[in-house]
Structures are given as structure tokens and as C-alpha cells.
Amino acid sequence: TRSPYEPLTPTTMPARLGGLPEMTRRLGPSAEWRVREVGDGNLNLVFIVEGPAGSLVVKQALPYARVVGESWPMSLDRAYFEHEASMRLGARDPGRMPHMHLFDREQAVQIMEHLTPHIILRRGLIDGTRYPMLGGHLGRYLARTLFRGSDWSMETARRKADVALFAGNVELCGITEDLFFTDPFHDCVRNRHNPLLDRDVIELRGDRALKLAALRMKTRFCTSAQTLLHGDLHTGSIMVSAEDSRVIDAEFATYGPIGFDIGSLLANLWMACLAQGALRPSDDEATSYRGWILALAETVWKVFVAEFTHLWLTERSGILGGRELLEHQDDAEGAALALNALLDEIWRDTIGFAGIEMHRRVVGLAHIAEFEAIADEELRAGCERRALRLGRALAVEPERFSDIADVSALVAELAGR
Ligand code: SR1
Ligand code: MG
């Protein structure tokens, strides 16, 4: 008989998992395991288990949101959706997700590759480290996963089955609906902000144009089921080393608009830029590293466009293949127009979602370590205020940004003030 769900601890891990041949084969005898709990995210337990033969990561969902505590119960099913999404995203861009070894649905446990010497990208951006391969890796990851999970790639039966499957991830999808698009724009108990931003927050919550933009982007998120999203692709969901980049933590996976993952990621890169003035020891170093992050964001977008275009031209086969209507009639110009219209829509969504992400990271529940690491409240408020300005411009005035270089210019201008 199987034991009921119970959270693991470093002490109970050897007794509870030591009987699994997969574990002892990879780690060695359980009596010699060293177990550390290293989770610093908002939701789960994460353990590194080291033995004489190797190391592994054990991730376990808790029946509540770790960031808030037991007062916010949360379904263990999120581990199941994370596992299902990770399998798909990993297959669509091989090598970009950690290798999964075991999944136990009842215990909400995933046992996976221990990525070493990788660190969380957000930490690397706080430390000022440069990762030469990262832009290419992330641009291709975005294009491949977002294209191959879409109607431009999947045939009807598989696509409908996957939409139905991930529609079950209601709880986490509902959190995104609230935490991104609603809570930050009204006086919700889950919100928190730097007290020095009190006046900015009052202004923000009276800003009708901004609230209409939030509603517009919420509508896109809820009604445009273009592809299987990672659903929480910020810089805390990416692990990096000098040569490698991996995407983790896909528990918020849902069908949604292609621009959502891209906008979440770019927003976090742009916010990291805005923090540099307070994080680096000199203005010159801040300017130089900010330039590197801006170039990284541009590379991510440009590689995404190039790879998405390549896939659209070479792999397009799904429900929206559309070849009968265009190429079979030799209408190359028509095909190019269709692709360009799609890329324009993705760009507009991308900057809209980026603007919303910036608001929720400054005045919502879940903040970012780049800003939280700034001890001086005045300095922090300055960075956060610039993020709100940038976020508002992106969400409310998307027509100002026909190209990613337009966003880079505004980030650099705001950061220099
Ligand atoms: C209660 S969950 C809060 C946030 O943490 C996760 O990382 C997601 O970003 C979510 O919105
Ligand atoms: Mg996460």
C-alpha cells in the first residue's frame, strides 16, 4: 500500500526515498546521502541530495503557497501539470529543461537532474555576470516551444487533448489571472509596496487608461489560447552556467498567447537593468552592465523572430498550416504577409504583458530580488518608480514601440535619470 502525501524533510528523505533503485543507482547508499533544502521560490520545497555516486534535485509541492503559509491552501496537482508541461517543453526544445528521472503524483514529487554549477539567472544579474550563450538559448527556446505547442504545428486531436489537459491547471492559472492583471490595479489585501511609493500607488489605482490596458491584456491572456506557455518565465525560472541555460518551474503552464512568456522574460531583464544603478559599485559599471542586459534582451527577441520565422517556413503543418491557401497557389507574398501580421501581434502582446509584469512586481504580491536587494529605501523607490513608468508606457502606449530598440532607448533614458 502506498503512504499518503507527506512533506519530505532532510531527515526523512533517506528513509522515504532510499528504497527507490533509481535513487540509489544515481546517488549511492541512502545512509551516505547529504540532504539540503534550498527552495527559495514562492511555492515548493526543493532539496539537493548528494551521495557518493552523484547528486539529484527533489522538488515537492506543498499543500499551500509557501510565500504566504498554510492560510493559502494550494492543490498538489500543480506538480502533475508541471511534470506534463516539462515533458512537452523539453521535447520541443531538447536540452533546455532539466532531465526528469521520476515523478510521483501522490507525493507531488519530481526527481530531476541536479544542474551544477548553474545558478538562478536572477542571482547572476544581481552579481553582474555575463552569459554569452544565453540570448541565443532563450530566443530559440521561446520560438521552438511556443511554435511547436501551437496550431501552426500541432494537429487537431493532439492539440485539443492538450488544451483540455492544461485547462485542468485552474488553480495556478487563476493565480496568474489575479496576481498579474487584477490585484496590482486595485486595493487588494495580497498586495504590498515600498511605503515611499504610497502616492504613486494612489495615482496608479486612479489611472483609468492603465486599468483599461490591464483589462485588455487580461482578455488576451484568458481568451487567446495560441500555445502551451511555460506560464511563469521570469529570470528566477532560468538556471545558467557559462555555457548552458535551462528553464525550470513550469507549474503555471497553460494555453495562452505567445507573447506572454516573451513579455514576462523581457520585463524581468528590463527591470534588472533599472536596478543596476543601485547594485553596481560605480556608474560606469552600472552603465556597462545595463548595456549588456539590454543587448541580451534584444538578442532574445531577434533570435526568437529568426527561429520562429524559420519554423513557420519549414515546419508549418498543423491546423493553421494554411499552405493550401497561400504557397500551393505560389503566393509567397501572401505567406510573408501572414507571418508578418502574426509577428506584429506577438510583439504587441509581448510589450503589453511586459508592462503588466512590471506593475505586479512593484505593487503586487510577488516582488523581485533585484529591487528587494536594495537596502536604501529611497534608492529602491527610485528604481521601482522607473519600472512603473516603463511598465505604464509599454502597457498603455504600445504604439510608441515599433521595435525592441525603442524599448532599450527608454530603459536607458529612465535608468540615466
Ligand atoms: C502565490 S504565487 C506568486 C508568484 O510566484 C510564482 O513564481 C509566480 O510568479 C506567481 O505569480
Ligand atoms: Mg517558480
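What follows is calculated from the coordinates using simple rules that are stated; it is not laboratory data. Being a predicted model, the structure only gives us computed values, none of them experimental. Here Cβ is always computed from backbone atoms with ideal geometry, including for glycine, and neighbour counts include all displayed protein chains.
GNM remark for the chain: springs join alpha carbons under 10 Å apart, and the peak mean-square fluctuation among Leu20, Leu121, Leu320 falls on Leu20. Taking each DSSP H run with n ≥ 4 as -39500 (n - 2.57) and averaging over every residue of the chain yields -17500 deg cm²/dmol at 222 nm.
Counting DSSP beta bridges in the chain, what percent are antiparallel, to the nearest 5? So the antiparallel bridges in the chain amount to around 100 percent. Overall form of segment 13-113: oblate. Here a/c, set by the Cα gyration tensor axes a ≥ b ≥ c, is 1.5 or more, and a/b is not larger than b/c.
For Asn340 and Lys302, a Förster radius of 22 Å and the Cβ-Cβ distance give a FRET efficiency of 0.90, rounded to the nearest 0.05.
Once the gyration tensor of the Cα atoms in segment 164-299 is diagonalised, the equivalent ellipsoid follows with semi-axes of 27, 24, 13 Å, ordered largest first. Our summary of shape: the Cα atoms of the chain have principal axis extents of 61, 61, 39 Å, ordered from largest down, in whole angstrom. Local charge for Val35 was computed over the other residues whose Cβ lies under 12 Å away, with Lys and Arg +1 and Asp and Glu -1, and equals 0.
Using the Kirkwood radius built from alpha carbon pairs, what does the Stokes-Einstein equation give as D for segment 163-203 at 4 °C and 1.567 mPa s, in µm² per second? The calculation lands on 108 µm²/s. Cross-link partners for Lys302 among the lysines, with Cα-Cα distance under 18 Å and sequence neighbours closer than 8 places in the same chain left out, do not exist in this structure. Take the chain and mark each of the GluC sites (Glu not before Pro) that is in a DSSP loop with at most 16 other Cβ atoms within 10 Å; the longest unmarked stretch, sites excluded, is 1-105. For segment 198-278, the Cα-based Rg and Dmax, in that order, read 15.6, 46 Å. Each label point was placed 7 Å from the Cα along the Cα-to-Cβ direction; for Arg36 and Leu102 their separation is 2.2 nm.
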